Every structure is written in C-alpha cells, then in structure tokens.
Amino acid sequence: MRAQPAASHFVNGEWLEDTAGEVIEVIYPGTGEVIARLHSATPAVIGAALSGAVAAQAAWGRMRPVERSRILMRAVAIIRERGAELAELETLDTGKPIQETLVADWPSGADALEYFAGLAPTVTGETIPLGGDFAYTIREPLGVCVGIGAWNYPSQIACWKAAPALSLGNAMVFKPSEVTPLGALKLAEIFIEAGMPAGVFNVVQGYGNVGAALATDSRVAKVSLTGSVPTGRKVYAAAAAGMKHVTMELGGKSPLIIFDDADLESAIGAAMLGNFYSSGQICSNGTRVFVQRGIKEQFLTRLAARTEAILAGDPLDPETQFGPLVSAAQHEKVMEYIGKAKAEGARLITGGAAGNHGPLFVQPTVFADVTDDMTLAREEVFGPVMAVLDFDSEEEAIARANGTEFGLAAGVFTADLARGHRVIAQLQAGTCWINAYNLTPVEMPFGAVKASGVGRENSRAAVEHYTQVKAVYVGTGPVDSPY
Ligand code: NAD
C-alpha cells in the first residue's frame, strides 16, 4: 500500500502494533484508493503510551529549557529539509492540493516548533516583595497532555499542540483523527531522529472512544482538542470531571463583513480564500459573507467569474488549486447542505453540484440572497459553500454577525480603518482580521469565544495554557505565632 507506516502507533520511541484493535482504512481522497490500513489503539496501547509519557515527562520537565529547544530546532530543520516528501504524504492523507500542503501545513507546523523553541527558555516566574519576606513563582509544566486532532490540518494541528506542550516541559500523547492518521506518526519519528527522549511525544490511533479513554485517564493533566462543537462539549465535560486543563478549538460560522468602500478585488480574494482554500474545510472560514447592498451585484459578478476559473483536479498535480473533500461522509454532508440551501430559497450563483474530477469532489459553490434563518447561515458546512448575505448599515451587520452560538473568527473589509477597528471591537470572535482573512501566523493568538472554544493556541498566550503557576512564600525572620 502506497503510504503504509511501519505500525499503527508510535509509543515510547518505537513503532507499536496491536492487531486486536479495530481496523482504520486510510483512503487517498483524490481517487478513493486505500493507501494504508491501521488499527485503533487497544487499552494496552493506550496504557503503554500514558505510562511511557508519565515516565518520560519527569526528566524532560527538569531539563534545561534551552536543551529542549535545541532538540525542537533539530526537528524544525528536518521538517524543512523534507518539505516535499512531507507535503506529498499530507496530500495523500487529506486530498488537499500539493500547492497548498507545500506552503501551509508542515511549514506552519515548523513555524510553531521554531517559535516555541525560542520562547520557552524566556518563560520565567516573578519575585514578589513582601517587606522583608518575599514570594516567588515558578511556571511549571502541567505533566502529560493529550492532543486530539481534526482531519483538516492533521500535521499542523499535531505541531501546534506539540510545540507549546513539549517546549515547556510537558509530555504528550497525541491522537490524530481516524480520517487522517499519517502525518502525526511522521512527527513522532522526526522528534526521535532529532534526539528527543523516548516517550515525550507518543501517537496512538483511534476513533472517538480512544479519545474519550485518553480524556478521562487520571494520568492526564490536560486535554487539547481540535474538532467540532458537539465533540468539544463531550470532551470538555469529561475533562472537567477529572479537573483537567483544556484547550478547545472547535467549529465556527464566521462572518466576513464587506463594506461598499472596500477594495473589491481584495475582498473577493479574501472571501474565496476563506471559503475555498482546502476545499472549504477550515474552521475559521468566513462562511457568512455580509456584502453591503450597493456593491452586491458587482461583487457577485466578479466572484462568480473568479470562482469559475478555479482549477480543480488531481491534488498531486502542482497546477491544481482545488481538491476533493476528505471523505465520502463529508462529501455526502456537504451535498446535503447544498440541497437544503436550494430548497430553502437561496439563489445559486455558481457551482452547486458534485465535481467531475473524482468521487469526492464538490464544485466551489456560491449562494446569494441567503437570510439569517436559512440552514446555510446557521450551521457549519465545512465544505466549499459560500453564503452571501446583504446588509445596509454598520449596526445591522454587527448585530447579525453576532447572532450565532459560534465565536471563532470574523473579518471586516473597508477603506475606513476607523470603522474597521470600531466594528471588530463589537464582534464576538476570538480571531479577527481587518482587510485580510484566515492568516494565522504563530506570533498571533488563535482561538475562540462562545461555543467555538476556550483557550488560545500559538503566541505567548499559549504559555498560560501549557504551564501552571507555583507560588512560594519565603519567610526571612522568626515566625510570629500567638501559640
Ligand atoms: P470531530 O469532532 O468529529 O473529531 C475531532 C476529533 O475528536 C477526532 O480525532 C475524533 O476521533 C475525536 N473524538 C470524537 N469523539 C470523541 C470523544 N467522545 N472523546 C474524545 N475524542 C473524540 O471533528 P472532525 O470532523 O475531525 O473535524 C472537523 C471539525 O473540527 C469542524 O467542526 C471544524 O470547525 C473543527 N476544527 C476546528 C479548528 C480550530 O482550531 N478551531 C481547526 C480545525 C477543525
């Protein structure tokens, strides 16, 4: 098979197999061909990964931060050297065009490892003067962290979670999505090659039940999930029962508000990036595009022309700009949403059918005249389906943009920067853009409000979520006791 790894799991620095686990078939979405066959983790595999992580964390957490960073930087160099090979594997795993996986997935993961390798040695506590006595704080690692990934950016998600966790002295057991299990195994191998001690980063495969077993284990201090809101609610509740720390990166239905003074071609380009990149399978996508009424028809005409020029095809062809969806289940779900949008009266501008490049393709699709009550405006589709809604005033756009349980991202396009800042200040979203969309450099916090999640990934903000503060009071004189 084209991408069969040596075994299903990578635990304690070694490949590990247990064929008693349920079979996981990995398909290449470009053709539907089975490219690997793995097994879900059994309790024995989960147990080995967790006890290995506990043992490894003790020494890893005590290592000088700069020594941990040196190992992470070696991993960064390996990832960059093997960029082409890793991008090809990511394309096989996800079906995303190679022109995306070469620049977005592993490169963004390497950036995260590089950033936290640089940052971690600068993380220190503080000294608090108390008039003779004093206190100091220590930022300690949490212990063993569990990472659970979604299938849309499998290797980036593994790196975004591993980078702050490991650089700050934690160990990790990572469970990739059962749909895209291959990239995380590469990361585990690369870490060992870079000199990381065995057991610091482990990968176990499995369906939701394996994620649930990890999230409830008493050896685990923290669970970081990237996934849907319904899964997030379950994992958050399970983690709460064990008083564990959490980071929840969940779904969205983010607004992108385009005012009539915006640079139209830039706004259209951003709306397309925020709905069609990765075939629309991006959590922060601006899937409710609010366009001010005066520019609506002009916007739609240019949007349709540019959308129809998108080059769909073989994901491994470097010319291809648009690939299939990740799985048959996702394809079916997206086609159902397109059917519902038509039935509920949205106006189809372009697309609206399954693509003809393979079984899992869906055409890049635009609906206009979408109203707030339509299913397309309320639910996350996670496919290449853009909803265009009209608005008249700034106040109206803000109120309607906030009328959702989600709160992941938001964007505004306007030539009036004062208005841009004023509008963003009122939008309920964790990650926002003015005159840009979906750029997520590691230096900037990434995360959500409302039902879309808690905690932040990337940036200095992630330090808070992978460390805990120990406060130490130091007495310098005799103890004043009434007894
Ligand atoms: P999902 O919720 O179905 O699965 C996510 C992960 O959780 C998978 O690894 C799955 O096996 C695991 N899981 C399922 N049930 C579980 C349980 N009870 N306990 C523990 N783990 C469990 O999501 P998906 O379909 O893989 O990914 C798409 C979703 O992810 C979309 O909603 C998307 O918006 C979201 N997403 C969010 C971000 C973000 O950063 N906010 C990024 C990417 C994707």
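Read the figures in this text as sums done on the coordinates, not as results from a lab. The shown structure was predicted, so the numbers you read here are calculated from the model rather than taken from an experiment. Cβ: placed from backbone, ideal geometry, glycine included. Neighbour counts: every protein chain shown.
Side notes on the structure shown:
- Residues whose placed amide H lies under 5 Å from that of Leu256, excluding near-sequence neighbours: Arg288, Val289, Phe290, Gly411
- Across the chain, Cα-Cα pairs farther apart than 35 Å form 34% of the total.
- The simple Förster model, with R0 at 25 Å and r as the Cβ-Cβ distance, assigns Thr124 and Ala55 a FRET efficiency of 0.40.
- Segment 1-47-segment 160-193 distance, computed between alpha-carbon centres (Å): 15
- Put a plus charge on the Cβ of each Lys and Arg, a minus charge on the Cβ of each Asp and Glu, and nothing anywhere else: the dipole of the chain about its Cα centre is then about 1000 debye.
- Placing +1 on each Lys and Arg Cβ and -1 on each Asp and Glu Cβ, with no other charges, gives segment 255-434 a dipole about its Cα centre of roughly 140 debye.
- Of the residues Ala270, Gly280, Ile258, the one whose Cα sits farthest toward the positive end of the charge dipole of segment 255-434, with +1 on the Cβ of Lys and Arg and -1 on the Cβ of Asp and Glu, is Gly280.
- DSSP beta bridge pairing in the chain, given as percent antiparallel to the nearest 5: 45
- Structural size metrics of segment 255-434, computed from C-alpha coordinates, are Rg and Dmax of 15.6, 47 Å.
- Antiparallel DSSP beta bridges within segment 255-434, percent to nearest 5: 15
- Distance in nm between pseudo-label sites at Lys234 and Leu348 (7 Å out along the Cβ direction from Cα): 3.4
- Near Lys333, once Lys and Arg are set to +1 and Asp and Glu to -1 for all other residues with Cβ below 14 Å from its Cβ, the sum equals -3.
- When only alpha carbons of segment 1-156 are considered, Rg and Dmax amount to 19.9, 72 Å.
- Extension gain, Arg293-Met444: 0.36 nm per intervening residue step, less the Cα-Cα distance, totals 51.1 nm.
- Our estimate of slack between Tyr473 and Asn209, defined as 0.36 nm per intervening residue step minus the Cα-Cα distance, is 90.7 nm.
- Residue-averaged [θ]222 nm for the chain, counting only DSSP H segments that reach four residues, each worth -39500 (n - 2.57): -12000 deg cm²/dmol
- Counting only residues at least eight positions apart within a chain, or on another chain, the lysines with an alpha carbon under 23 Å from that of Lys244 are Lys161, Lys175, Lys222, Lys234, Lys450, Lys470.
- Relative contact order computed over the chain (Cα-Cα under 8 Å; 6+ residues apart), in percent: 17
- Full extension of the chain segment joining Gln321 with Ala3 gains 112.2 nm, where the gain is 0.36 nm per residue of separation less the Cα-Cα distance.
- Segment 244-339: equivalent-ellipsoid semi-axes (sqrt of 5 x gyration tensor eigenvalues, Cα, Å): 25, 21, 13
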